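Written below as structure tokens is the structure these notes are about.
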Amino acid sequence: MATRQHRLRSKLAQHQQKIHPFVVEASGQLVRVVGLTLEATGCRAAVGSLCAIETMSGNLVAEVIGFDDQLLYLMPIEELRGVLPGAKVTPLGQQSGLSVGLSLLGRVLDGSGQPIDGLGNLKTDQKASSHVAAINPLARRAISEPLDVGVRAINAMLTVGKGQRMGLFAGSGVGKSVLLGMMTRGTNADIIVVGLVGERGREVKEFIEEILGAEGRARSVVVAAPADTSPLMRLRACETSTRIAEYFRDLGYNVLLLMDSLTRYAQAQREIALAVGEPPATKGYPPSVFAKLPKLVERAGNGGGKQGSITAFYTVLTEGDDLQDPIADASRAILDGHIVLSRSLADSGHYPAIDIEASISRVAPMVITPDHLEAMRKVKQVYSLYQQNKDLISIGAYSQGSDPRIDNAIRLQPAMNAFLRQMMKDSVTFESSTLMLGQMGAQCQV
Ligand SMILES: Nc1ncnc2c1ncn2[C@@H]1O[C@H](COP(=O)(O)OP(=O)(O)OP(=O)(O)O)[C@@H](O)[C@H]1O
Ligand SMILES: [Mg+2]
């Protein structure tokens, strides 16, 4: 008798363990809708979990973004349409993992990792959990090798290391997307993950078909959440692309992660945070935005042991070319360098419009040879000297022969501009970039 009771008790305990505390909950109902925020009562669900909401045309999936006493705040993942007062809200539990695998290459996914390219289902059974533990900073390999990005001005003057996180700061229309596209074609990274977040829908297609091209696409995974998708989808797109990059990094690949743009990620988080009543702080951005940015960026970088690396480029929009925007400021502090694209260079037809003087790669000295560093320093000095005296020179106030260094800078100017420019379809290897930089440096008098 006693053994039977014991058996029954242990069986009950086993079953109790299987019941997820947050999954099995009664349905609730919708009591209020304001903008994109839905308020429900009568059910319990964890923040970050999903709920199905009954609408006129089937169910709508929404994510729990916060709560207040008995009230749950939800935000739809898809378009909000046809919800009625008192609609049934059923908790669905936590989000399922992300499909991953080498078959992701060449595919275009939405923010939740579902294919949107019309090429059928993803041919993989592997799932990656959406939450990963952060890598211990001491277990990460140091950045020690350069990554070829196929762009001469960057390879030579702003060398990027494998595992580095760079910002690409620019206003609208100065060539960010084209520059990212050039990198996808020219880089020697094994795999490229592109996150297109908050762009116009037309641009996504343009980027994939024209800028990325068949060659770039074959070794890329694109995650796209255009501007008309919900803020949750845009936020997720950044997280999904980072998660995919992490998956490939953990397999030992050197991954190049291109995120266009980090500003749109911050804006999506601003929309969500303001909707649940978080107070705005700097320029309408609530504090959670500044907490989320480093969390996302810190996930890129080198792995430890046999893991590969994630070298990341995050574009940062500088409104009205204002470099003091709070997101630009916060990003500059958490990234390992920044490339500034200048509107005046773009206007004069100088592409890529990289402002060499305003840009910096903080890890460059750690990944290049002393000769490379020396040539880089010389070229930068001569380039700056010309820029400082440019106005005098252009109005004819400088008379030749007054300063041999300025004479040298004027003489080298056309060659320097040709060195820094690059046609959209061309790619230049790291070796030939450094070779040309060496020749340039040899002619510089400093
Ligand atoms: N390397 C280049 N060579 C020639 N033209 C270029 C180059 N890079 C950019 N351009 C020109 O600049 C235009 C704008 O570039 P792009 O779309 O990359 O800008 P963007 O900064 O991504 O703009 P947005 O802010 O609208 O996303 C391109 O259509 C192209 O005409
Ligand atoms: Mg663009």
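Annotations for the structure displayed:
- Filter result for the condition that a residue is among the charged types (D, E, K, R), in contact with a helix residue (DSSP H, G or I) (Cβ under 9 Å, 6 or more places away or on another chain) and within 16 Å of ligand 1 (Cβ to nearest atom), over ASP371, ASP426, ASP403: ASP426
- Any hit, region 302-315, residues being more than 16 Å from ligand 1 (Cβ to nearest atom), surrounded by 13 or more Cβ atoms within 10 Å (Cβ to Cβ), under 29 Å from VAL363 (Cβ atoms) and hydrophobic (A, V, I, L, M, F, W, C): yes
- Screening MET157, MET233, MET166 for residues that are within 13 Å of PHE313 (Cβ to Cβ), of a type in the set (A, V, I, L, M, F, W, C), at pLDDT 90 or above and more than 10 Å from ligand 1 (Cβ to nearest atom) leaves exactly one candidate, MET166.
- Meets criteria (surrounded by 14 or more Cβ atoms within 10 Å (Cβ to Cβ) and part of a loop (DSSP other than H, G, I, E, B)) for SER112: yes
- Residues that are touching a residue at least 60 places away in the same chain (Cβ under 8 Å), within 24 Å of SER359 (Cα to Cα), away from ligand 1 (no atom under 16 Å from the Cβ) and touching a strand residue (DSSP E or B) at 6+ places or on another chain (Cβ under 7 Å) are absent from region 126-137.
- VAL194, sole failed condition from (1) touching a residue at least 60 places away in the same chain (Cβ under 8 Å); (2) within 14 Å of ligand 2 (Cβ to nearest atom); (3) more than 15 Å from the chain's Cα centre (by Cα): (3)
- Checklist (1) among the charged types (D, E, K, R); (2) modelled with pLDDT of 95 or more; (3) surrounded by fewer than 17 Cβ atoms within 10 Å (Cβ to Cβ) applied to ARG405, failing item: (2)
- Pair list, Cβ < 6 Å and 6+ apart or interchain, from region 197-212 residues that are assigned to a helix (DSSP H, G or I) and at pLDDT 85 or above to residues that are within 11 Å of ligand 1 (Cβ to nearest atom) and not polar (S, T, N, Q): VAL204/LEU196
- Scanning region 61-79 for residues that are touching a strand residue (DSSP E or B) at 6+ places or on another chain (Cβ under 7 Å) and not in a strand (DSSP E or B) yields GLN70, ILE77, GLU78.
- Selection within region 217-230 - within 14 Å of ligand 1 (Cβ to nearest atom) and free of Cβ contacts under 8 Å to residues at least 40 places away in the same chain: PRO226, ALA227
- Once region 172-191 is narrowed to residues that are of a type in the set (A, V, I, L, M, F, W, C) and under 17 Å from the mean Cα position of the chain (by Cα), the residue that is nearest to ligand 1 (Cβ to nearest atom) is VAL178.
- The one condition from (1) at pLDDT 90 or above; (2) over 22 Å from the mean Cα position of the chain (by Cα) that LEU60 does not meet is (1).
- Test: residue in region 89-108 that is more than 24 Å from PRO226 (Cβ to Cβ), of a type in the set (A, V, I, L, M) and in a strand (DSSP E or B): yes
- The listed residues are VAL174, VAL160, VAL149, and the only one of them that is in contact (Cβ under 8 Å) with a residue 24 or more places away in the chain, more than 19 Å from SER361 (Cα to Cα) and in contact with a strand residue (DSSP E or B) (Cβ under 7 Å, 6 or more places away or on another chain) turns out to be VAL174.
The values are calculated or read from the model by the stated rules, or taken from the named source; none is laboratory data. Fair warning: this is a prediction, and the values are worked out from it, not measured in the lab. Cβ coordinates were reconstructed from backbone atoms using ideal geometry, including for glycine residues, and neighbour counts include every protein chain displayed.
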